[in-house]
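Peer 1: Handing you this structure, nothing more for now.
The values are calculated or read from the model by the stated rules, or taken from the named source; none is laboratory data. Being a predicted model, the structure only gives us computed values, none of them experimental. Here Cβ is always computed from backbone atoms with ideal geometry, including for glycine, and neighbour counts include all displayed protein chains.
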Amino acid sequence: MYVGKAKNLCVRWKGKRHHRFYQLQKQKKKLFNIYYELVPESKLDTIEQKRIEQYNPLLNRTQVKAKKLHPTETLLRETLHTIAPYCFVLGVEPPRKLDSKFIEDSISWGDNWRVQKTVLSLNVIHIQQIASK
């Protein structure tokens, strides 16, 4: 199915971080065997190429589809990365669809359509600034 290299196999496949994870998850087969070969780090690239040529695995011939990020997700990620040294996330609150005061205020701002379509359905993230010494 796939030939790849890793300096640390456990770290490489931990969680859902591997770039081929979702492709493997979509396969009809639910259980997979992982075969590994211990190779000196200096020969990883060479051995990987030899094994790909030898086995011609299916997933090595396909493009990895990047997860599409919406502009708001990108902006949030960049913002959190920038303020991380100075702030921390206190918690996440469910969407404000049922917050009548917020809806009332947004209608008076004239942003009713935008707020109802985008803002009200989003989770609210509370960020706390770290006090400077």
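Peer 1: Which residue, of THR62, THR82, THR46, is within 30 Å of TRP13 (Cβ to Cβ), at pLDDT 75 or above, among the hydroxyl-bearing types (Ser, Thr, Tyr) and under 26 Å from the mean Cα position of the chain (by Cα)? Explain how you work it out, then say what you get.
Peer 2: On the way: THR82 fails: within 30 Å of TRP13 (Cβ to Cβ); THR46 fails: under 26 Å from the mean Cα position of the chain (by Cα).
Within the list THR62, THR82, THR46, the selection yields THR62.
Peer 1: Looking at the stretch 3-17, can you tell me whether even one residue there is among the small types (Gly, Ala, Ser) and either modelled with pLDDT of 75 or more or part of a helix (DSSP H, G or I) (or both)?
Peer 2: Yes, there is a match, as at least one residue in the stretch 3-17 is among the small types (Gly, Ala, Ser) and either modelled with pLDDT of 75 or more or part of a helix (DSSP H, G or I) (or both).
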